[in-house]
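*Asks:* Here's a structure for you.
The values are calculated or read from the model by the stated rules, or taken from the named source; none is laboratory data. It should be emphasised that the depicted structure is a prediction, and the values quoted were computed from it without experimental measurement. Heads up, the Cβs are rebuilt from the backbone with ideal geometry, glycines too, and the neighbour counts pull from every protein chain shown.
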Amino acid sequence: MKFSIFTNPILLILASYSYPDGLELNPEAPTKKYEIGYTESSILIDGRLNEVAWKSASAVGEFQFPWWTEGKKEGTVAKMLWDDAYLYVSFVCQDDYIWAEHEERDSPVYLDDCVEVFISPNPDSINQYYNVEMNVKGVSLDFYHSSLGSKEPWDPPIRIATSVEGTLNDDSDVDRFWILEVAIPFEGYSLIAKNTPPESGDKWRLNLNRLGGQANPQHSQWSPSKTQKVSFHVPEFFGEVMFVK
């Protein structure tokens, strides 16, 4: 884990991304789709996203706010890559007030500024899924769900790095954004995935979520859940990703 504060003008990342139009919600099909590109170059997990592979990868699309009632909707730009060992996910999170307190693995990091990767690696059994929740300090909460409503310990050897453009845990000023970069080993999904690593053309169900922390707490998602109350644990509304080489 690496945590750093830096002053490079990475807000240019946010300005340079374009978002594809979202699909209409269809209960019989994933709300969103995305092709995860294969990278042959190494990815250094440092929270900076300087690699050519990250710069050339497309963003997943604009995050939605399905339960919004009030407050500023702060944008999130997410990208994904893969190689024979890892799924790589990056988040660039606009945030006026960046906050995180939890420092132990499997602590309630969802109370902090937090991003999440929910994955169902077998499209024939989407109610079996995994969640990785990560705060701005690079601390994770991980579970395996063998069925809806269940959860079991799951601690894959993930690698996380973050960086902050602002002042952590100081709401006396206005921050700009934070970045989280994670490498999740495919071996962690071998219990139920058809292929680990995936084969080109394999499709998984997946969602990316964000929670807003202490100030201006918001809930946003890549593929929105069609629920009246806040719930990220609804795999039927996960998006669909395809691994491509």
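*Asks:* Can you say whether Ser150 is closer than 24 Å to Ser42 by Cβ and more than 13 Å from the chain's Cα centre (by Cα), as far as the supplied structure shows?
*Replies:* no
Okay, residues lined up against (1) farther than 24 Å from Arg205 by Cα; (2) among the basic types (Lys, Arg); (3) surrounded by fewer than 17 Cβ atoms within 10 Å (Cβ to Cβ):
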{"residue": "Asn131", "(1), (2), (3)": "no, no, no"}
{"residue": "Gly149", "(1), (2), (3)": "no, no, yes"}
{"residue": "Asp155", "(1), (2), (3)": "no, no, yes"}
{"residue": "Ile158", "(1), (2), (3)": "no, no, no"}
{"residue": "Val164", "(1), (2), (3)": "yes, no, no"}
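*Asks:* Has segment 124-145 got at least one residue that is over 22 Å from Pro224 (Cα atoms), under 19 Å from the mean Cα position of the chain (by Cα) and of a type in the set (Phe, Trp, Tyr)?
*Replies:* In the first step, residues of segment 124-145 are kept if they are over 22 Å from Pro224 (Cα atoms); the result is 136-140.
Those left that are additionally under 19 Å from the mean Cα position of the chain (by Cα): 136-140.
Imposing the further condition that a residue be of a type in the set (Phe, Trp, Tyr) reduces the set to none.
No, segment 124-145 contains no residue that is over 22 Å from Pro224 (Cα atoms), under 19 Å from the mean Cα position of the chain (by Cα) and of a type in the set (Phe, Trp, Tyr).
*Asks:* What number of residues within segment 60-77 satisfy the criterion of being among the hydrophobic types (A, V, I, L, M, F, W, C) and surrounded by fewer than 24 Cβ atoms within 10 Å (Cβ to Cβ)?
*Replies:* Residues of segment 60-77 that are among the hydrophobic types (A, V, I, L, M, F, W, C), as a first pass: 60, 63, 65, 67-68, 77.
Remaining after also requiring surrounded by fewer than 24 Cβ atoms within 10 Å (Cβ to Cβ): 65, 67-68, 77.
Within segment 60-77, residues that are among the hydrophobic types (A, V, I, L, M, F, W, C) and surrounded by fewer than 24 Cβ atoms within 10 Å (Cβ to Cβ) number 4.
*Asks:* Separate question: Within the bounds of segment 208-216, is there any residue that is touching a Pro at 6+ places or on another chain (Cβ under 9 Å), under 30 Å from Glu40 (Cα atoms) and of a type outside the set (Asp, Glu)?
*Replies:* Within segment 208-216 (the criterion being touching a Pro at 6+ places or on another chain (Cβ under 9 Å), under 30 Å from Glu40 (Cα atoms) and of a type outside the set (Asp, Glu)), the answer is no, since none of the residues qualifies.
*Asks:* Can you name the residue in segment 133-147 that is modelled with pLDDT of 95 or more and more than 19 Å from Val77 (Cα to Cα) and is also surrounded by the fewest Cβ atoms within 10 Å (Cβ to Cβ) among such residues? Step through it out loud before you land on a result.
*Replies:* Taking segment 133-147 and keeping what is modelled with pLDDT of 95 or more, we get 133-146.
Keeping just the survivors that are more than 19 Å from Val77 (Cα to Cα) gives 139-146.
Values: Val139: 23, Ser140: 24, Leu141: 19, Asp142: 20, Phe143: 18, Tyr144: 19, His145: 19, Ser146: 14.
Going through the qualifying residues, I end up with Ser146.
*Asks:* Would you point out the residue of segment 166-176, among those that are touching a residue at least 40 places away in the same chain (Cβ under 8 Å) and either in contact with a His (Cβ under 6 Å, 6 or more places away or on another chain) or at negative phi (or both), that is surrounded by the fewest Cβ atoms within 10 Å (Cβ to Cβ)?
*Replies:* Looking only at segment 166-176, we keep the residues that are touching a residue at least 40 places away in the same chain (Cβ under 8 Å), and these are 166-169, 171, 174-176.
Checking the rest, the ones that are also either in contact with a His (Cβ under 6 Å, 6 or more places away or on another chain) or at negative phi (or both) come to 167-168, 171, 174-176.
On the way: Thr167: 14, Leu168: 18, Asp171: 13, Val174: 10, Asp175: 20, Arg176: 16.
Filtering first and then ranking leaves Val174.
*Asks:* Conditions: (1) modelled with pLDDT of 95 or more; (2) of a type in the set (Val, Ile, Thr); (3) farther than 22 Å from Pro123 by Cβ. Val89 meets all but one. Number of the miss?
*Replies:* Only one criterion in (1) modelled with pLDDT of 95 or more; (2) of a type in the set (Val, Ile, Thr); (3) farther than 22 Å from Pro123 by Cβ is unmet by Val89, namely (3).
*Asks:* Can you name every one of the strands (runs of 3 or more DSSP E) wholly within segment 30-119 that holds 2 or more residues which are among the aliphatic types (A, V, I, L, M) and either free of Cβ contacts under 8 Å to residues at least 60 places away in the same chain or over 25 Å from Glu236 (Cβ atoms) (or both)?
*Replies:* Numbers: elements: 33-38, 76-82, 86-94.
Answer list for segment 30-119: 76-82.
*Asks:* So which strands (runs of 3 or more DSSP E) are wholly in segment 127-245 and hold at least 3 residues that are of a type outside the set (Gly, Ala, Ser)?
*Replies:* Here the list reads 129-135, 140-145, 159-165, 177-185, 203-212, 239-244.
*Asks:* Would you confirm whether or not segment 194-213 contains a residue that is touching a Lys or Arg at 6+ places or on another chain (Cβ under 9 Å), on the phi > 0 side of the Ramachandran plot and surrounded by fewer than 19 Cβ atoms within 10 Å (Cβ to Cβ)?
*Replies:* The answer is yes, given that some residue of segment 194-213 is touching a Lys or Arg at 6+ places or on another chain (Cβ under 9 Å), on the phi > 0 side of the Ramachandran plot and surrounded by fewer than 19 Cβ atoms within 10 Å (Cβ to Cβ).
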